[in-house]
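See structure below.
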Amino acid sequence: MLEQFVKLPIRKRVGIFAILLGFLAIFAGNPYDRSTTRINVKKLSSINVTDENSINVVDLADWIIKGKLDYRLIDLRGSEKYAEYNIPGSENIPVGELFDSGLMRNENIILYSDGEALATQAWFILKADDYKTVSIIKGGIKNWESEILFPELPSNATKDQLADFKKIKEVSKFFGGQPQTGSETKEKVIRKIPEISPPKVIITKKKKKSREGC
């Protein structure tokens, strides 16, 4: 069932979440409980998600390389998976902690998980609570791994495919990936997720001012 749900178009997935969340909002128990009153039922029918609300992993990689900082990248997975590997620049916030994480409604928020199901759920919850700019990563971290860390050049590649692979190959190396060529077999290639190195902090010592005069 979950696999079939993930294969549905984004609009249909959000429609299902709308029905479920609307039902939960109507039958919420404590009207003062923040976790059950966040959903505005009147807005459920007006919220839509389109391809404009999703980010391609190649575009995201380009933003990271260029140092674009006008967004917050949120990893919705558990802390163990996040510690194993995460997209550079992301922060780990599980879905249940989104409203207690300090996210601002006017921030540009990008969500991702393993696939798109959990990210779509989080997208809907935030949009229903008046968060202005929220997007999800197409295919989640699985797409990041297949397209950025381990891009493959198909056998009998066309000139356009060769040109595209040449570009993505440099991107992959930037993130410590392992680009695969058509001549390599999957049995021979050991795909190793690159280890995440903490950012280097350069500390400069201030020079003591020499005393003037005697």
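Those residues that are touching a Ser or Thr at 6+ places or on another chain (Cβ under 7 Å) and either surrounded by fewer than 18 Cβ atoms within 10 Å (Cβ to Cβ) or basic (Lys, Arg) (or both), I need them from region 114-152; list them, please.
Residue satisfying the conditions is Lys138 alone.
Looking at Ala122, is it among the small types (Gly, Ala, Ser) and either assigned to a helix (DSSP H, G or I) or in contact with a His (Cβ under 9 Å, 6 or more places away or on another chain) (or both)?
yes
Please go through region 131-186 and give me each residue that is touching a strand residue (DSSP E or B) at 6+ places or on another chain (Cβ under 8 Å) and under 30 Å from Arg105 (Cβ atoms), ordered by number.
Tyr131, Thr133, Val134, Ser135, Ile136, Ile137, Lys138, Gly140, Ile141, Asn143, Trp144
Among the residues that make up region 96-113, is at least one of them in contact with an Asp or Glu (Cβ under 9 Å, 6 or more places away or on another chain), aromatic (Phe, Trp, Tyr) and part of a strand (DSSP E or B)?
Yes, that holds for at least one residue.
Has region 77-84 got at least one residue that is among the polar types (S, T, N, Q) and touching a Pro at 6+ places or on another chain (Cβ under 9 Å)?
yes
Scanning region 88-133 for residues that are out of contact with any Phe, Trp or Tyr (no Cβ under 6 Å at 6 or more places or on another chain) and among the β-branched types (Val, Ile, Thr), which turns out farthest from Gly177 (Cα to Cα)?
Among them, the one singled out is Ile125.
Find all pairs meeting these conditions: Cβ atoms under 6 angstrom apart; at least six residues apart or on different chains; first residue within region 103-115 and among the polar types (S, T, N, Q); second residue crowded, with 20+ Cβ neighbours inside 10 Å and not in a loop (DSSP other than H, G, I, E, B).
From region 103-115, the pairs are Ser113/Ala119; Ser113/Gly140.
If only one of Glu84, Glu97 is closer than 21 Å to Ile148 by Cβ, over 11 Å from the mean Cα position of the chain (by Cα) and among the acidic types (Asp, Glu), which one is it?
Glu84
Bear in mind these aren't lab numbers, they're just calculated from the coordinates by the rules spelled out. Being a predicted model, the structure only gives us computed values, none of them experimental. For neighbour counting, all protein chains shown are included, and Cβ atoms are generated from backbone atoms with ideal geometry for every residue, glycine included.
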